[in-house]
1. By how many nm would the segment from ASP72 to LYS60 grow when fully extended, if each residue of separation counts as 0.36 nm and the alpha-carbon distance is taken off?
2. For every other residue with a beta carbon closer than 13 angstrom to the beta carbon of ARG34, add +1 if it is Lys or Arg and -1 if Asp or Glu, then tell me the sum.
3. Using only protein heavy atoms and a 1.4 Å probe, report how much of ARG49 is accessible, in Å² to the nearest 10.
Amino acid sequence: MDENNKMLAAGKAKKPGKRGRKPAKIDLKAKLERSRQSARECRARKKLRYQYLEELVSSKERAICALREELDMYKQWCSAMDQGKIPSEIKALLTGDDQHRAPATAGSGIKTAKSAKNHNS
């Protein structure tokens with residue numbers, strides 16, 4: 001009996017070759033180049049992601065500065081009203097006169113309660 005017949009007789013059938021994919025001969029240089037290319041692409045994506053995040057942080061910081069300026073303006077208005085004075089900007093808002101608008105809110109894109117109300121109607 002040859003080797004295959006002995007295996008069949010013992011109850012174990014041996015199939016020629018291995019199961020699954022045969023390991024192909026991988027060109028090592030090509031594999032290294034693919035790895036390098038993948039690393040370059042990863043670094044490029046990371047750089048873009050960081051640029052985006054830096055721009056986002058910068059825009060949020062500008063918005064915070066604008067809001068702080070607006071808050072300071074409102075604090076000044078409140079202290080003036082505590083002293084019995086009505087700021088001209090508030091008079092303008094109450095009378096609907098847009099000529100005396102507050103300088104911090106005029107071109108900053110920040111909506112006051114009245115401008116938001118007018119914009120929504």
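1. 2.5 nm
2. Summing Lys/Arg as +1 and Asp/Glu as -1 gives +1.
3. Rounded to the nearest 10, that gives 130 Å².
The values are calculated or read from the model by the stated rules, or taken from the named source; none is laboratory data. For clarity, every value in this text was computed on a predicted model and none was experimentally measured. Every residue, glycine among them, receives a Cβ derived from its backbone with ideal geometry; neighbour counts consider all protein chains shown. These accessible areas exclude ligands, DNA and RNA; they are computed on the full protein's heavy atoms, side chains included. Shrake-Rupley method; radii C 1.70, N 1.55, O 1.52, S 1.80 Å.
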